[in-house]
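S.K.: What follows is a structure written as structure tokens; I'll ask about it next.
The values are calculated or read from the model by the stated rules, or taken from the named source; none is laboratory data. Model, not experiment: these values are computed from the prediction. Here the Cβ is made from the backbone with ideal geometry for all residues, glycine too, and neighbour counts use every protein chain on show. Just the protein is used for accessible areas: all its heavy atoms, side chains included, with ligands, DNA and RNA removed. Shrake-Rupley method; radii C 1.70, N 1.55, O 1.52, S 1.80 Å.
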Amino acid sequence: MKSVDVLADSRIARRFAALKAEGRAGLVTFITAGDPDPAVSQAVLNGLPATGADLIELGMPFTDPMADGPAIQASSLRALKAGMTVRKTLEMVRGFRKQDADTPIILMGYFNPIHAYGVEPFLAAAREAGVDGLIVVDLPPEEDEELCIPALQAGVSFVRLTTPTTDEARMPMVMRNTSGFVYYVSIAGITGTASASNTAIDAAVAQLKRHTDLPVAVGFGIKTPDQAAEVARVADAAVVGSAIVTRLADGIDASGGVKPGTVEDVLGFVGELAAGVRAARG
Amino acid sequence: MTKLNTYRSGPDERGHFGIFGGRFVAETLMPLILEVEKAYREARADPAFEGEMRQQLKQYVGRPNPLYYAERLTEQLGGAKIYFKREELNHTGAHKINNCIGQILLARRMGKTRIIAETGAGQHGVATATVCALYNMPCVIYMGETDIARQQPNVFRMKLLGAEVRPVTSGSGTLKDAMNEALRDWVTNVADTFYIIGTAAGPHPYPAMVRDFQSVIGDEVRTQMQEQEGRLPDSLVACVGGGSNAIGLFHPFLDEPTVQMVGVEAAGRGIEKGPLDHAASINGGRPGVLHGNRTYLLQDEDGQILEGHSISAGLDYPGIGPEHSWLHDVGRVEYAYATDQEALDAFQLCARTEGIIPALESAHGLAEVIKRAPKLPKDHLMVLCLSGRGDKDIFSVAKHLGVEL
Ligand SMILES: Cc1ncc(COP(=O)(O)O)c(C=O)c1O
């Protein structure tokens, strides 16, 4: 039996329905909240929809990002150094929602900061701020009672990661409480390192589609507009994170200041990625 | 406190000790964790596995090591009769090798061809590099660069043994960062790599597996104390970093109501100074989730992990094995602490009165013995786990004493 979304009427579902109607895949962009400082980060966030991001993953910085490579590790540390917290991350979402009521925002991170905030208060605050979904790397289905089930009850999607190591036997369990979309991590590894081959991605997406009616987004290792376009041919969305974060890091000078034009440069890169994704099935 | 019939039945099938433990890992690792769990369950049921492990512990590690009556120290403290469980006499100089023998045998059973490990003081790294040399397996050891600087002799030992030591620069370059980096390696190399975790922490089944491999410590103490004194010990004391030597000593005695147990955390410059100045997760932390399990952690208000501090590189981990968190909450084990200074004093006292230079980690346990023993009757039998020898620490101790080597 294929899994379906328990939160059928959500911003995420509406966005994927609209993409389907347009006959194209979506671009999902990742940035870390508060990187390199709250003001620049907010400016990038606010500018993403107009430059072509269809869904936004906003990283909640954590001191120990075990599944992330050097680029996102560094971005988390920059954000923490600039004083980022869970509360301020939710503030950013509130700020974003004043100008954009439609683009889904998915918070991505690790469980401990949420655990420290308290699961129920966090979910209430996240929903109120306009958060649509959560991706929490260190919560596999074996730990669903911790956050996944409470999130679904609170009306917040819990987007699950599947990986090349998730086999057929495990698939139904992994799909069971997944909501919004499925995020296929195309390599066994950390963010921002290797890229998977197109044939491997094709096969994986086909396998996932046998198990779920949810949209499938593919990420890890997409660095260029061309790679994004390749993925957009077979998946419902392409996720780009480290490459954007690296572009942002390039705009930081030796003394930690942000060079003029950095926000525009990052958004320009997002525009190129979006163009790649939009042209993919043209 | 609730009185339980047994304190030895945990964890449950999902790896929980009460609310602690669990399997908080990325999906990429989850199938592998399940595979390790299954392989471990099968290995435990196989007498051949147990037999090979026993053989290596005897012939290669040199077990059983003595339960030694520390007579001069006992006289000097004037109270309880103090015994040292001499883990420092094991091959490689600490208890860490007990666990490494068990895990590498499991890795071989699973057909894995590459070993990774994290290390703080370097003792676990040396023990892992040693078993990898013994079984001819390539080995990568992750070690924080701060620790590399303060544990040079062990770094060189690992290299002599053929291991590759990869410096970890992320975070503050200590044990937790080394563990992050080892986990990153593992998700990248899932097919061929086995991760030998060095303490009773990490995702299920590691806390239970490491405990089982270290329980040889407590099992031997039970037999030896019976032979030497004809009865059970009255109290057990061990230092606690992640908690492997302590749980190995305690676990076989958890259901003996007359046996008191004390785990000793590192209080660094003082618990009252706050979590940046100590490494006492239970005495100065709160429950949270890190490195695959829920346990007491040093963290700030926002759930960010704090680095902690201890003079001893093997104790400055911001967490503690989940079974200890549970044993603390149910009140079965008491968790005390010793400062850097108390450990340094105990280190020197041990050298001069017993002719044994202990590891700085073990010196934390000894500091607690020094506080307790004088107040206890002479027929109180107290066992300290002398988890390691102090050769590796002489440089940092010299520095603290203002001695130029
Ligand atoms: C000699 C010695 N004792 C104790 C420890 C602390 O580890 P655990 O609490 O797992 O026994 C270490 C860690 O490196 C060590 O080297």
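S.K.: Name the residue, out of A:D167, A:D236, A:D54, whose mean-square fluctuation peaks in a Gaussian network model built on chain A with Cα pairs under 10 Å.
M.R.: So, out of A:D167, A:D236, A:D54, the one fluctuating most is A:D167.
S.K.: A further question on this structure: If you find the alpha carbon centre of the range A:138-217 and of the range B:263-284, how far apart are they in angstrom?
M.R.: 40
S.K.: For chain B, what is the convex hull volume of the alpha-carbon atoms per residue, in Å³?
M.R.: Cα convex hull per residue, to the nearest whole number: 133 Å³.
S.K.: Another question, then. Once both labels are modelled 7 Å past Cα along the beta-carbon direction, what's the A:A124-A:A279 spacing in nm?
M.R.: For A:A124 paired with A:A279, the spin-label model returns 5.0 nm.
S.K.: Are there cysteines in the protein assembly as shown with no other Cys C-beta under 4.7 Å, and if so, which?
M.R.: A:C148, B:C100, B:C239, B:C350, B:C385
S.K.: Taking 2.2 N^0.38 Å as the expected size of a compact globular protein, what ratio does the Cα radius of gyration of the protein assembly as shown give against it, to two decimals?
M.R.: Relative to the 2.2 N^0.38 Å estimate, the protein assembly as shown comes out at 1.00.
S.K.: May I pose another question? Counting DSSP beta bridges in chain A, what percent are antiparallel, to the nearest 5?
M.R.: Of all bridge pairs located within chain A, approximately 5 percent are antiparallel.
S.K.: Please report the net charge: other residues with Cβ closer than 9 Å to the Cβ of B:R166, K and R +1, D and E -1.
M.R.: Spelling it out: positives minus negatives among the neighbours equals -3.
S.K.: So, with +1 on the Cβ of K and R and -1 on the Cβ of D and E, and no other charges, what is the size of the charge dipole of chain A about its Cα centre, to the nearest 20 debye?
M.R.: Computed charge dipole of chain A: roughly 520 debye.
S.K.: Compute the distance in nm between two label points, each set 7 Å from the Cα along the Cα-to-Cβ direction, one at A:E91 and one at B:R41.
M.R.: My value for the distance between the label points is 4.9 nm.
S.K.: Excluding residues fewer than 8 places away in the same chain, name every one of the lysines whose C-alpha is closer than 27 Å to that of A:K88.
M.R.: The qualifying lysines are A:K98, A:K259, B:K176.
S.K.: For a paramagnetic label modelled at 7 Å from the Cα of A:V6 toward its Cβ, which residues of the range A:197-215 fall within the zone defined by backbone nitrogen distances under 20 Å?
M.R.: Taking a point 7 Å out along Cα→Cβ of A:V6, the residues of the range A:197-215 whose backbone N falls under 20 Å are A:211-215.
S.K.: Apply the Debye scattering formula to the range A:126-195, with a single equal point scatterer on each alpha-carbon and no solvent, then give log10 I(q)/I(0) at q = 0.14, 0.22, 0.23, 0.27 Å⁻¹.
M.R.: -0.45, -0.97, -1.03, -1.26
S.K.: Among B:L34, B:L175, B:L315, whose mean-square fluctuation peaks in a Gaussian network model of chain B (Cα, cutoff 10 Å)?
M.R.: Comparing B:L34, B:L175, B:L315 in a Gaussian network model of chain B, the most mobile one is B:L34.
S.K.: Of the beta bridges DSSP finds with both residues in the protein assembly as shown, what % are antiparallel, to the nearest 5?
M.R.: 20
S.K.: Past 27 Å, Cα to Cα, is the threshold; run B:K38/B:K96; A:K81/B:K392; A:K2/A:K223; B:K96/B:K378; A:K20/A:K223 against it and keep the listed order.
M.R.: Cα-Cα > 27 Å for A:K81/B:K392; A:K2/A:K223; B:K96/B:K378; rest within.
S.K.: Total accessible area buried between chains B and A, 1.4 Å probe, in Å² to the nearest 100?
M.R.: Heavy-atom accessible area buried at this interface is about 2800 Å².
S.K.: Run the numbers on chain A and let me know its relative contact order in percent, using alpha-carbon pairs under 8 Å that are six or more apart.
M.R.: Rounded, it is 25 percent for chain A.
S.K.: While we're looking at this one, here's another question. Calculate, for the range B:1-145, the solvent-accessible area per residue in square angstrom, rolling a 1.4 angstrom probe over the heavy atoms of the protein chains.
M.R.: That works out to 39 Å² per residue.
S.K.: If you don't mind, another one. Which one, B:S362, B:S170, B:S387, has the greatest fluctuation when you compute a Gaussian network model over chain B with C-alpha springs under 10 angstrom?
M.R.: B:S170
S.K.: If each Cα of the range A:11-277 is one equal point scatterer, what is log10 of I(q)/I(0) from the Debye formula at q = 0.08, 0.14, 0.16 Å⁻¹?
M.R.: Here log10 of I(q) over I(0) equals -0.28, -0.92, -1.25.
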